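The next block holds one structure in the form of structure tokens; read it before the comments.
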Amino acid sequence: MKLQYVYILLLLPYLWACKPKAPIQEVNAGTADFSKFISIGDGHTAGYMDDGLCIEGQKNSLGYILQQQLMMVGAPAIEMPWMSDQNIGLNTNGLSRLILGYKTDCQGNSSLSPVRYSIQGETSAFSASAYNPLKKYTNFGIPGLRMIDMVSSIFGNLNFPQHNPFFARMSMDQYNFPGSGNFSSVQENIFNGGFPSFCTIYLGIEDVLPYAKSGANTNPMSPITGFPGVGFDESLGQLCEQLASQNVKAVIATIPNISQWPFFNTIPYNGLTLDAEKAASLNQIFNPIGISFVVGANPFIVSDPNAGMFGVRQALPGEKILLSVPLDSVKCNQMGSVFPFRNEFVLTLEELNEIQMRIDVFNELIRQKATTYGFAIVETDDFYQKLNTGFTYNGVAHSTRFVSGGAFSLDGIHLNPRGNALLANEFIRSINKKFNAKIPLINALNYNAILFP
Amino acid sequence: MSMKLTVANAQGFQVNFQGQKQQGMGCAGAAFVQDGSTIFYNPAGMSFAKKSEANLSITPIFGNVMFVDSSTGDVYRTENPVGTPFNAYVLQKSKNHHRLAYGLSITTPFGSTVQYEPGWIGRFAITRLSMKVFHIQPTAAFKITDNISIGAGFVFSPGNVSLQKDLPVQFNDGSYGHAEISGAAMGYGYNLGVFYNPGGVLNVGLSYRSGINMSVSDGQVQFSVPNALAGNFPDGTLSASLALPSVTTLGLHIKPNASWNVLADINYVGWNTYDTLAFDYATNTSSLVDTKSPRMYHNIFAFRGGIQYAVFAKDKVLNVRLGGGFGFSPVQSGYLTPETPDGNRAYVTSGVSYEFNKRFSLDASIYATKITRADKNLETQLNGTFTTIAWAPGIGINYNW
């Protein structure tokens, strides 16, 4: 054998490269056109989280995260009514956002708990217009926006107490006609200066949520039927027709089962934990009306006008005690036992059923319209059900549990950045399927979950 | 916690870099005795060694792993330091009993470092794993007849391991918590062999290397977590164990003439002992519970073979070698982890030896492999394709007497 052949044999393995070569990723918009993209929705789309709106939340909103990914396939730069760089946050009560901190309760115990970031929210945001006529908003996420608010002319009208200050600060009216008394609707703002080529619609949660948050006490749910601006069906229909008439492609989301969110599930119905002494003393009070207590876990006492002559009873399995209950009163002032939880802190089985039935009707209407107009649909409840069961994403467990579940923000209602990114992926999946697009999913681990001190 | 061990030249985490000459021929060698590496490949082969000798070699491993996440298309790579397995053999033919030979080997049959780039998508499964296992094997062989020998060695297996990963709890600045588990391990095993030379051109070898249970009894775990969670993640001790597999090898060697040698090995590797990776923390909390991660390895076959050609130049000999192999992956679908991004593997090797004089010779070899494996891990849901390219050029010196 000649030596040169030997050398060739010895060098054979070198035909390999040293490092694996990255594949070329195929990315395209399919039949969709994202060049004039907007997202329409409520606080989820806007980035409301931790019970406030701040710039960090906006940059981690469902609308922002989704659009950022869609910029790979031609979506424009993101324009939102930015909050200040102070990042303090603001809600309609003038409060700042929540963070995790230490709170000393009535018994003197300090523990990790949601606390306000600052004594006051960045209230100046509500007294100045964020509108810029040179920039068109690509994100029409407005905290508190209901389906039936889309064509309302008082929604941004500062003269009405029920106006929405988050909308007022972004509406073109505030800039163009301060004090002029001219007030345009959300829809007019959206379509001002031309129709989008593609939009996402995630509305309907706010048509039921305020009612649920009030313990089915105030803030009635939107009516099912009625003219645009009154009933859910025609408000939805009018919006869809507007879009379809201009050949706007869209993805529309259904309403999840809100009662599984941490706001409604963090305090168990039987969270009244008693020692022998307390159980005995409560038995003295309640035994005469047929309620008895045991050592350990007991159902809370709730007021219910239909419950016998005293109007109190024990909470039932499945009933919800809301996160809005004053926990210090529970711990130190016998709220939920001697003093029953008032209606505003409880969702009864009947009320839960009423809310779910309304959501089901709204969702059926949304699905019908999506089918009629060829919109992609996102069944958000599928996502929330997975969360409710608990799932692992790239080695990280997520669930609906408050704080430790890692997907909800500290208000127990809105998703945190991680949750928004996971939900944005459901929108992308739906868009990819409907419009034959190839848009990569988002690495949700790049988004914060809960920050600890 | 999940831990597993990886090396470039391995099915699962079994390494076969033993003896530069054998490495040049596809890492086969149960029936071909050329130097002290037969202590590893087949202890019985020592009796058929022509000379007493000592061998020392080192094989730096340059391994690069790329992970392409299936849903995002994002690409992540490892930043592995160079692995440096070495082996040392001393083979002594008994002066008083010509049928007897004994020897000692010190080798690193398991060991490597896998380090993924910062922020990679699987960081909560693993960020860095480093493992070293040393095998110290005193061995003896005895020729029962002129044609058959038997050999046996006892294996002391000290080692150490360090596993790091990020924890999905975040500091106020958004950075993630981190955990490091480290500890020294110890295990014991044995290595048995039968070597048969019926006369003529053929040799047959059969060897059995026992499984070894590497047990970490006093491991340490250290956490870096936000203050608020410090009580949930107490630093402390833990125990764990790792089952290294048994390997049964049947080898054939044919020497049709003075220039050519052809050999082949079949391995049966008893991976199914590695079904779970468990960590038992001395202190448990609601956040820190003992873990049992399924691994579910199954037994596999691997095939290795090579040829050697002797070029005679004047009174010197140059041996050149070419080899390769194929091994099935012990990792079942659904259980692929980034610690051992294993797949069915084909590799090629080549090598060369040169005798400077009667006493000294020098060996060199090179090994190359590329492995591609796509999977979705059932436990972590990590879903994507791992591609590994590994190079291992080795060099060794030999001295005989």
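In region B:223-310, Cα pairs under 8 Å separated by at least six residues give a relative contact order of 33 percent.
What is the sum of charges, Lys and Arg at +1 and Asp and Glu at -1, for the other residues whose Cβ falls under 10 Å from the Cβ of B:Tyr354?
Working: positive: B:Lys316; negative: B:Glu355, B:Asp363.
After counting each charged neighbour, the total is -1.
For the peptides A:27-40, A:56-69, B:384-397, the ranking by packing is A:56-69, B:384-397, A:27-40, with the highest mean count of neighbouring Cβ atoms within 10 Å listed first.
Which residues does a label at A:Asp275 reach in region A:324-367, if reach means a backbone N under 15 Å from a point 7 Å past the Cα toward the Cβ? Only A:332 pass the distance filter.
Starting from the exponent 0.38 and prefactor 2.2 Å, build the expected Rg for the protein assembly as shown from its residue count and divide its actual Cα Rg by it. Mind showing how you got there, number by number?
Numbers: Rg = 35.2 Å, N = 854, 2.2 N^0.38 = 28.6 Å.
Ratio of Cα Rg to 2.2 N^0.38 Å: 1.23.
List the relative contact order of region A:272-347 as a percent without decimals, with contacts defined as Cα pairs under 8 Å and 6+ residues apart. Kindly include the intermediate steps, with their values, before the conclusion.
Details: 96 pairs, mean separation 24.1, N = 76.
Result for region A:272-347 is 32 percent.
Among the listed pairs A:Lys36/A:Lys433; A:Lys386/B:Lys376; A:Lys59/A:Lys331; B:Lys95/B:Lys358, those with a Cα-Cα distance over 26 Å are A:Lys59/A:Lys331. Each Lys and Arg adds +1 at its Cβ and each Asp and Glu adds -1 at its Cβ; summed about the Cα centre, chain A shows a dipole of about 1560 debye.
Comparing mean-square fluctuations of B:Ile307, B:Ile144, B:Ile181 from a GNM of chain B with C-alpha springs under 10 Å, the top value falls on B:Ile144. Considering only B:Phe156, B:Phe40, B:Phe360, the Gaussian network model of chain B with Cα springs below 10 Å gives its largest mean-square fluctuation to B:Phe360. Excluding same-chain neighbours fewer than eight residues apart, the aspartates and glutamates reachable from A:Lys438 by a Cα-Cα span under 12 Å are A:Glu26. Taking the average, over residues, of other Cβ atoms within 10 Å as the packing measure, peptides A:162-174, A:370-382 rank A:162-174, A:370-382 from highest down. Take every pair of alpha-carbon atoms less than 8 Å apart whose residues are at least six positions apart; their mean separation over the length of chain B yields a relative contact order of 19 percent. Packing order of peptides B:290-301, B:57-68, A:127-138, highest average first: B:57-68, B:290-301, A:127-138 (average count of other Cβ atoms within 10 Å over each peptide's residues).
No disulfide-compatible partner, judged by a Cβ distance under 4.7 Å, exists for the following cysteines of chain A: A:Cys18, A:Cys54, A:Cys199, A:Cys240.
Which whole number gives the average count of other chain Cβ atoms within 10 Å of the Cβ atoms across peptide B:376-387? Write out the running numbers ahead of the final one.
Details: counts 0, 3, 1, 2, 6, 7, 4, 2, 1, 2, 1, 5.
Across the residues of B:376-387, the mean count of other-chain Cβ atoms within 10 Å is 3.
Principal axis extents of the Cα atoms in region B:10-400, from largest to smallest and rounded to whole angstrom, are 74, 41, 33. Among B:Val352, B:Val216, B:Val169, the largest mean-square fluctuation in a Gaussian network model of chain B (Cα springs under 10 Å) belongs to B:Val169.
Let a ≥ b ≥ c be the square roots of the eigenvalues of the Cα gyration tensor of region A:51-143; is it rounded (a/c under 1.5), or, if not, prolate (a/b larger than b/c) or oblate? Oblate. With viscosity 0.890 mPa s and temperature 25 °C, the Kirkwood radius over alpha carbon pairs of chain A converts through Stokes-Einstein to a diffusion coefficient of 102 µm²/s. Separation of region B:37-53 from region A:258-272 is 71 Å, based on Cα centroids.
Tell me whether region A:272-347 comes out rounded, prolate or oblate; compute the Cα gyration tensor, take square roots of the eigenvalues as a ≥ b ≥ c, and use a/c under 1.5 as the rounded threshold. Cα axes put region A:272-347 in the oblate bin. Estimated translational diffusion coefficient (Stokes-Einstein, Kirkwood radius over Cα pairs, 25 °C, 0.890 mPa s) of region A:183-290: 136 µm² per second. For the peptide A:384-393, the mean number of other protein chain Cβ atoms found within 10 angstrom of a residue's Cβ is 2.
What separates the Cα centres of region A:379-453 and region A:223-256 is a distance of 26 Å.
For region B:173-270, the alpha carbon convex hull comes to 156 Å³ per residue, rounded to a whole number.
Mind giving me the FRET efficiency for A:Asn219 and A:Asn159? R0 is 35 Å, r the Cβ-Cβ distance, nearest 0.05 is fine. Present the calculation step by step, with values, prior to reporting the outcome.
Working: r = 21 Å, r/R0 = 0.61.
According to the calculation, E is roughly 0.95.
How big, on average over all directions, is the shadow cast by the Cα convex hull of region B:40-159, in nm²? Walk me through the intermediate numbers first.
Numbers: hull surface 39.7 nm².
Computed as one quarter of the Cα hull surface, the answer is 9.9 nm².
Between A:Glu79 and A:Ser111, the modelled label-to-label distance comes to 4.8 nm, taking each label 7 Å out from Cα in the direction of the beta carbon.
Using just its DSSP H runs of length 4 or more, each adding -39500 (n - 2.57), the protein assembly as shown gives a mean residue ellipticity at 222 nm of -4500 deg cm²/dmol after division by all residues.
If you take the Cα centroid of region B:307-369 and the Cα centroid of region B:77-148, the two points sit 15 Å apart.
Take each residue in B:59-65, count the other chain C-beta atoms within 10 Å of its C-beta, and the mean is 1.
Each residue of region B:372-377 is assigned a 3J(HN,Hα), and the resulting list reads 10, 8, 9, 6, 10, 6 Hz, derived from the Karplus form 6.51 cos²θ - 1.76 cosθ + 1.60 (θ = phi - 60°), x at Gly and Pro.
No value in this document is a laboratory result; all are computed from the given coordinates. Owing to the predicted nature of the structure, the values given are computational and were not obtained by experimental measurement. All Cβ positions, even for glycine, are placed from backbone atoms using ideal geometry, and neighbour counts span all protein chains on display.
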